[in-house]
1. Take residue 1 and tell me if it is touching a strand residue (DSSP E or B) at 6+ places or on another chain (Cβ under 8 Å), surrounded by fewer than 12 Cβ atoms within 10 Å (Cβ to Cβ) and at pLDDT below 90.
2. Please list, ordered by first then second residue, the pairs with beta carbon atoms under 6 Å, 6 or more apart or interchain, first in segment 1-13 and in a loop (DSSP other than H, G, I, E, B), second exposed (fewer than 14 other Cβ atoms within 10 Å of the Cβ).
3. Considering only segment 33-47, I want to know if a residue exists there that is assigned to a helix (DSSP H, G or I), out of contact with any helix residue (DSSP H, G or I) (no Cβ under 6 Å at 6 or more places or on another chain) and at pLDDT 75 or above.
């Protein structure tokens, strides 16, 4: 058994999310649901990473300062 490119991408997204949120990556890995496919193991519930645009970041900083 081996990891598919999709599963490796899911691991990399989990790592990125963990770094961005400064959080522990272990709970994300524990939630992964793997399924066998012709390409190898795939993650059925990969993590999502949301990016904010500059205006949203500035608005959050302004709200935090008030």
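1. Values: touching a strand residue (DSSP E or B) at 6+ places or on another chain (Cβ under 8 Å): yes; surrounded by fewer than 12 Cβ atoms within 10 Å (Cβ to Cβ): yes; at pLDDT below 90: yes.
Yes; evaluated as a whole, the condition is true for this residue.
2. 4/39
3. Kept after step one, since they are assigned to a helix (DSSP H, G or I), are these residues of segment 33-47: none.
Taking every residue of segment 33-47 in turn, none turns out to be assigned to a helix (DSSP H, G or I), out of contact with any helix residue (DSSP H, G or I) (no Cβ under 6 Å at 6 or more places or on another chain) and at pLDDT 75 or above.
The values are calculated or read from the model by the stated rules, or taken from the named source; none is laboratory data. Only a predicted model underlies this, so the values are computations on that prediction, with no experimental measurement involved. Counting neighbours? That spans all protein chains shown, and the Cβs are built from the backbone with ideal geometry, glycine included.
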